[in-house]
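A short write-up of the structure that comes next.
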Amino acid sequence: MGRLPFIIAACIFIIAFDIYCFKAIIAVFKKWKPSTKKIFSIVYWSLSILLIIGVFAGIYLNLFLTLRAIILVAFFLTVACKMAMLPFLVLDDLRRLFVRIFKKKQVIEDQPVSETEPISRSEFLVKAGLVAAAVPLTSLSWGIISGAYDYQVRRVNLILPNLPKAFDGIRMAQISDIHSGSFYNKTAVKGGVDLLMSEKPDFVFFTGDLVNNLTNEVREYQDIFSKVKAPLGVYSTLGNHDYGDYYFGKESSPAKVKNLKDIIDVHKVMGYDLLMNENRRLKVDGEEIGILGIENWGMGRFPKYGKMELAVKNTDDLPVKLLLSHDPSHWRGEVLKKYPQIDAMFSGHTHGMQFGVRLKEYQWSPVQYIYKEWAGLYQEQKQQLYVNVGYGFLGYPGRVGVLPEITVFTLKRA
């Protein structure tokens with residue numbers, strides 16, 4: 001019940017926002033016939049109400065995943081378009097308020113911009129808002145159609161000066177943030193896994209967020225991700241979404257405990273070696289490196305379940321230590337300060353906000369104003385961090401500019 005007041009408040013806000021947009025559109029298109037206005041009103045409000053009901057159903061009912069995805073896509077697109085209109089509507093209201101404050105004649109409201117252009121200032125601003133609404137509709141729709149499953153292989157040479165000779169040239173792959181509860185195209189998801197396997201990595205890291213909230217989200221895709229195999233193993237860790245905190249709340253309950261147990265069991269069934277504040281020794285030709293993994297360790301509202309003191313236990317003799325930790329803020333928040341023995345850390349979590357620009361020599365996303373390290377390879381002194389922008393998606397069911405990523409590392413001594 002903890003989420004219900006927030007959801008109700010959000011619905012009230014959305015309905016109020018809908019009324020605001022609706023009145024602005026109707027006011028501008030005064031020349032519509034009464035029958036046209038009636039049809040528009042029915043379609044507008046039917047769609048808005050059905051989407052709100054659909055979002056509620058998606059939260060509280062066990063809807064078919066594809067249906068839930070369709071509802072969320074439609075809801076997200078309509079809200080994005082209306083938000084694009086909002087600045088123009090507010091500007092028009094402020095303009096009219098300014099006119100009233102300075103006691104201009106009311107007739108000015110309906111005067112055209114010029115004698116040769118018979119369109120009022122209000123009409124011009126609202127129509128400009130409608131044009132602006134088409135921009136996110138076009139780009140975000142394209143991001144759903146083209147970007148959501150456009151998996152990109154990024155190849156990185158990872159220089160580790162203390163790397164044992166037996167590991168020089170070994171290939172390691174990383175995927176992160178699967179978010180199986182968001183998928184709506186099983187064939188495309190399988191295509192991404194096939195692409196990963198075609199790279200023939202020697203070992204693989206999965207750095208958390210297998211689901212959005214509940215373990216049953218992955219059931220439909222479990223067989224696909226079970227195909228991720230490697231000669232030296234597949235190692236995984238949990239992300240903030242895997243604990244069920246956003247569904248069950250922060251407090252423990254039998255259902256939440258069972259959900260976590262189930263997510264741990266799924267990793268085992270898929271053949272992933274889940275590291276819960278522990279480590280493994282990876283051996284090749286008699287030489288070893290350390291694979292360490294901790295539970296989620298985040299900043300602010302994100303949970304800190306990770307215990308580095310347990311993960312590094314009995315690893316002092318290992319020349320190289322690779323750490324799986326879902327949230328990149330852990331690197332600056334604890335690893336750099338207290339654990340100089342960690343050579344490289346591998347994270348996800350940011351998604352690159354699923355929007356931005358990623359070129360060979362330049363990258364930008366709004367998420368960089370939240371996370372200093374948000375995509376790609378970072379280095380400070382002798383320690384490195386790689387942030388994978390994710391295999392899946394959350395919220396917005398697509399990607400624009402920051403495409404889903406499969407990272408393939410070649411380990412090198414120099």
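The values are calculated or read from the model by the stated rules, or taken from the named source; none is laboratory data. In this text, all values refer to a predicted model and were calculated from it rather than measured experimentally. Neighbour counts are summed over all protein chains in view; Cβ atoms, including those assigned to glycine, are modelled from backbone coordinates with ideal geometry.
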| query | Is there a residue being among the β-branched types (Val, Ile, Thr), modelled with pLDDT of 95 or more and either in a strand (DSSP E or B) or out of contact with any strand residue (DSSP E or B) (no Cβ under 8 Å at 6 or more places or on another chain) (or both) anywhere in the stretch 333-355? | reply | no
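Would you check which residues across the stretch 201-234 are assigned to a loop (DSSP other than H, G, I, E, B) and within 21 Å of ALA344 (Cβ to Cβ) and list them?
PRO201, ASP202, THR207, GLY208, ASP209, VAL228, ALA230, PRO231, LEU232, GLY233 - these are the residues of the stretch 201-234 that are assigned to a loop (DSSP other than H, G, I, E, B) and within 21 Å of ALA344 (Cβ to Cβ).
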| Quick one: is VAL153 closer than 22 Å to LEU403 by Cα and either outside the structural domain of GLY352 (by TED's automatic domain parsing) or touching a residue at least 60 places away in the same chain (Cβ under 8 Å) (or both)? | yes
| message | So, in the stretch 285-309, exactly how many residues are part of a strand (DSSP E or B) and over 19 Å from the mean Cα position of the chain (by Cα)? | response | 8
| task | Please state which of the following conditions GLN379 fails to meet, knowing it meets all the rest: (1) part of a strand (DSSP E or B); (2) within 19 Å of PHE206 (Cα to Cα). | result | (2)
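Give the residue, chosen from LEU158, LEU195, LEU163, that is part of a loop (DSSP other than H, G, I, E, B), modelled with pLDDT of 95 or more and surrounded by fewer than 22 Cβ atoms within 10 Å (Cβ to Cβ).
The unique qualifying residue is LEU163.
Here's the yes/no breakdown for (1) surrounded by 13 or more Cβ atoms within 10 Å (Cβ to Cβ); (2) over 21 Å from THR410 (Cα atoms); (3) out of contact with any His (no Cβ under 8 Å at 6 or more places or on another chain):
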residue: PRO319; (1), (2), (3): yes, no, yes
residue: LEU324; (1), (2), (3): yes, no, yes
residue: ARG332; (1), (2), (3): yes, yes, yes
residue: LYS338; (1), (2), (3): no, yes, yes
residue: GLN341; (1), (2), (3): yes, no, yes
residue: PHE355; (1), (2), (3): yes, yes, yes
